[in-house]
Amino acid sequence: QIQYKANGQWMGSIIGKPSTVNFDINISDPDTTNVADKIKKVEIITEGGAIAATQTFDSHSINWTPSIAATKKYYFLKIYNGERTTYTAAAAPVWVE
């Protein structure tokens, strides 16, 4: 399950013209009996596939609240779990005007 807000707006929203994007990211994998399903890394991706922020984890449930400068037109998440080298899921972007 992936839920996140940027500047108080749900993923998929247009968040206006802020100078900073403040994320509130909540991700969980309910299959807690499977160690291989732990969330290992979350990336905030922007234009051209650039990584705007990244954080590693080792849990079935995470909350991450990064803040980044709003210098690009959009941001979205890539989520990695287990020992995979490619992402497991991607979330809808937020758009900056």
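Taking the criterion of being in contact with a Gly (Cβ under 7 Å, 6 or more places away or on another chain) and open to solvent by 40 Å² or more (accessible area, probe 1.4 Å), would at least one residue in the range 58-66 satisfy it? No, the range 58-66 contains no residue that is in contact with a Gly (Cβ under 7 Å, 6 or more places away or on another chain) and open to solvent by 40 Å² or more (accessible area, probe 1.4 Å).
For (1) in contact with a helix residue (DSSP H, G or I) (Cβ under 7 Å, 6 or more places away or on another chain); (2) part of a strand (DSSP E or B); (3) on the phi > 0 side of the Ramachandran plot; (4) open to solvent by 40 Å² or more (accessible area, probe 1.4 Å), each residue gets a yes or a no:
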residue: P18; (1), (2), (3), (4): no, no, no, no
residue: N22; (1), (2), (3), (4): no, yes, no, yes
residue: P30; (1), (2), (3), (4): no, no, no, yes
residue: I44; (1), (2), (3), (4): no, yes, no, no
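Within the range 32-42, restricting attention to residues that are out of contact with any His (no Cβ under 7 Å at 6 or more places or on another chain) and in a loop (DSSP other than H, G, I, E, B), the residue that is most open to solvent (accessible area, probe 1.4 Å) is T33.
Each residue in the range 3-19 was checked for being more than 16 Å from E97 (Cβ to Cβ) and either in contact with a Gly (Cβ under 9 Å, 6 or more places away or on another chain) or of a type outside the set (S, T, N, Q) (or both), and 4 of them qualify. Applying the criterion of being part of a strand (DSSP E or B) and among the hydroxyl-bearing types (S, T, Y) to the residues of the range 46-57, the residue that is most open to solvent (accessible area, probe 1.4 Å) is T56. Among the residues of the range 67-83, how many are open to solvent by 30 Å² or more (accessible area, probe 1.4 Å), farther than 15 Å from M11 by Cα and outside any strand (DSSP E or B)? Going through the range 67-83 one residue at a time, the tally reaches 3. Pairs linking a residue in the range 62-78 that is closer than 10 Å to F23 by Cβ to a residue that is open to solvent by 60 Å² or more (accessible area, probe 1.4 Å), with Cβ atoms under 6 Å and 6 or more positions apart or on different chains, are W64/Q55; T65/D24; S67/N22.
The values are calculated or read from the model by the stated rules, or taken from the named source; none is laboratory data. Just so it is clear, the structure is predicted and the values come from calculations on it, not from any experiment. Backbone-built Cβ (ideal geometry, glycine too); neighbour counts: all protein chains shown. These accessible areas exclude ligands, DNA and RNA; they are computed on the full protein's heavy atoms, side chains included. Shrake-Rupley method; radii C 1.70, N 1.55, O 1.52, S 1.80 Å.
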